[in-house]
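Visitor: There's a structure below that I have some questions on.
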Amino acid sequence: MPLGLDRELVLIAEDDLANQALLARLLERAGYRSFAVGDGREALHAAMEEHPDLILLDIGLPAMNGLDVCRRLRADPRTVALPIILVTGQTESRHVVAGLDAGADDFVRKPYDEAELMARVRSVLRLARVTAEMVGAHGVIAALANAVEAKDAPTELHCQRLAGFAHQLGMRAGLEPQDLKGLVFGALLHDIGKIGVSDTILTKAGPLTALEWDAMRQHPIIGERIAEPLASASRFAPIIRSHHERWDGQGYPDRLQGEQIPFGARIVGLVDAYDAIIHDRPYRAARTVGAALEEIRRLAGVQFDPELARLFVEIVERDREEGRVPGIRGLEALRAAV
């Protein structure tokens, strides 16, 4: 563990002096720096001024309780992503629910199990590092995604819509947060390889020739090559390469079959097809959402992962029943993911 100021800093917000000392010892032994405050207002001030890497936040603080502190931190752009672990002596599940609803990343009960507490600290800090790395790459990724849409004007906003649909389906499929972020970036950049494809092919109104199809089928390989230097590319480059693979093994560029296809690529391939069906393309007019869902049902187990196809149809149908435009919730979730 690094020494000195390079060590991660943990703010202990706890009014019991014995618990403050215990937590400080545990953190120091694990290689972290720490400092403690005794009430909610002090915790809020210290979070803003001292820039800790993590807060261990007791719910039952005087002056301002931990739930209110958590809500205030989540509402401030400076601390919206600050990792927070709530701690409490309460055992009822409603307290856990209230804490998570307030924006906490995790929850620990007193008396502490030392091994569990430190495992949760390590886990939350590890996820925060991954998130920071992904967010740092977001500006580059957004610029590349915009470059794709500038190159292929008929698909304007296609990448953003796709990212929203993919996030929605990934959430339903139970992906972990770090995998969801990789999925979002893979969706945003799935067609980045089209930068290397001729405009005459991309905008051709009629059928492509065999040679033109060969050139078009290179774009996933080109895209993977473009993405490789980016931070955390290992999480989304396989999505870019494999989003045109098919469940039956008849896709490209590698003719992967079934579960050989990376999970994120199966999601992006499915929502890509859906978005293409319901929007105009140079070679055909848009079709209805109902027609698109029927096509997905028909090709489940042929082109698409059958379980993902089932989940996606349910998502879109539920949104329509509730009067929502399909994908809007996914776009809202996308903003939080990146």
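Visitor: When a/c reaches 1.5 or more, the comparison of a/b and b/c decides; with that in mind, is the stretch 1-129 rounded, prolate or oblate per its Cα gyration tensor?
Guide: Rounded shape, in that the Cα axes give a/c under 1.5.
Visitor: Here is a follow-up. Tell me, how many Å apart are the Cα centres for the stretch 20-44 and for the stretch 189-261?
Guide: 50 Å
Visitor: Mind checking the full-extension length gain between Asp199 and Trp213? Use 0.36 nm per residue of separation minus the Cα-Cα distance, one decimal, nm.
Guide: 3.7 nm
Visitor: Something else about it: Fewest Cβ neighbours within 10 Å first, please rank His158, His219 accordingly.
Guide: Arranged by neighbour count, lowest to highest, His158, His219 become His158, His219.
Visitor: Given a Förster distance of 35 angstrom, what is the FRET efficiency for Ala285 paired with Ile221, based on the Cβ-Cβ distance and rounded to 0.05?
Guide: Once the sixth-power term is evaluated, E becomes 0.70.
Visitor: Just rank Glu8, Glu317, Glu228, fewest to most, by other beta-carbon atoms within 10 angstrom.
Guide: Least crowded to most crowded, the residues run Glu228, Glu317, Glu8.
Visitor: Which of the trypsin sites (Lys or Arg not before Pro) found in the stretch 14-110 are loop residues per DSSP with 16 or fewer other Cβ atoms within 10 Å of their Cβ?
Guide: Arg78
Visitor: Here is a further query. When Phe236, Phe107, Phe165 are ordered from fewest to most other Cβ atoms inside 10 Å of their Cβ, what list results?
Guide: Listed from fewest to most nearby Cβ atoms, that is Phe107, Phe165, Phe236.
Visitor: Over the stretch 4-112, what is the relative contact order in percent, taking alpha-carbon pairs closer than 8 angstrom and at least six residues apart?
Guide: Worked out over the stretch 4-112, it gives 23 percent.
Visitor: Run the dipole for the stretch 4-112 about the Cα centre, Lys and Arg Cβ at +1, Asp and Glu Cβ at -1, nothing else charged, and hand back the magnitude in debye, nearest 20.
Guide: For this selection, approximately 160 debye.
Coordinate-derived values only; no laboratory data. Treat the numbers as computed from the prediction; the structure is a model and nothing was measured. As a convention, Cβ positions derive from the backbone with ideal geometry for all residues, glycine included, and neighbour counts pool all protein chains shown.
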